[in-house]
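What follows is a single structure, written as structure tokens, with notes after it.
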Amino acid sequence: MSTTLILFKPDAVEKNLVGEVLGRYQKEGFVIRGMKMMQLTPELLAEHYAHITDRPFYPRLIQFMTSAPVIALALEGDNVIERVREILGATDSPQAEEGTIRREFGINSMFNICHASDSPEAAEVELKRFFSEDEIFSFGAEDYLK
């Protein structure tokens, strides 16, 4: 079992797609361990996107990611990082495979519905960036369902 970070970007929130996309993840058997709506700041985004701050599209990305709230999601499951990225599809929405979230709902590589951690190392860092320890839950609800 592992946990990954997903950010529902402003386009997902504004298009009211969060429930539909979240439902797809839950149908795969993934379990929500944390979820919150938040307004991102340029400072937090500078940390999150530190690897691309020199790119020409960076100012536009910051403008987009601060244009509306996002929803941060901590999702747990077997091979969750790889499986979430497969369900989500390629970063550039028109290049994503048919049936993926980005192909169905995204527009391009920026307006592409969700960010998802791309490795266990990234997930660990990103989860700590967007959630405090007391905002990620581990519970035994499955024990009550027996």
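A short reminder: the numbers here are calculations on the coordinates, not readings from a lab. Bear in mind that the values here come from a model prediction, so they are computed numbers and not experimental data. A quick note on method: Cβ atoms are made from the backbone with ideal geometry, for glycine too, and the neighbour counts reach across all protein chains shown.
Could you grab me the full set of residues in region 38-64 that are in contact (Cβ under 8 Å) with a residue 24 or more places away in the chain, surrounded by 12 or more Cβ atoms within 10 Å (Cβ to Cβ) and hydrophobic (A, V, I, L, M, F, W, C)? Selection gives MET38, LEU40, LEU44, LEU61, PHE64.
Let me confirm something: among ARG33, ARG60, which residue is of a type in the set (D, E, K, R) and within 15 Å of the chain's Cα centre (by Cα)? Only one candidate qualifies: ARG33. Could you check region 67-89 and list, in sequence order, the residues that are farther than 11 Å from TYR25 by Cα, outside any helix (DSSP H, G or I) and of a type in the set (D, E, K, R)? Within region 67-89, just ASP78 meets the criteria.
Residues in region 44-66 that are among the charged types (D, E, K, R) and not in a helix (DSSP H, G or I) were compared, and the one that is nearest to VAL18 (Cα to Cα) is ARG55. Residue count for region 94-116 satisfying the condition of being more than 16 Å from LYS27 (Cβ to Cβ), over 15 Å from the mean Cα position of the chain (by Cα) and assigned to a helix (DSSP H, G or I): 3. Reported count of residues in region 74-121, each being among the acidic types (Asp, Glu) and crowded, with 16+ Cβ neighbours inside 10 Å, is 2.
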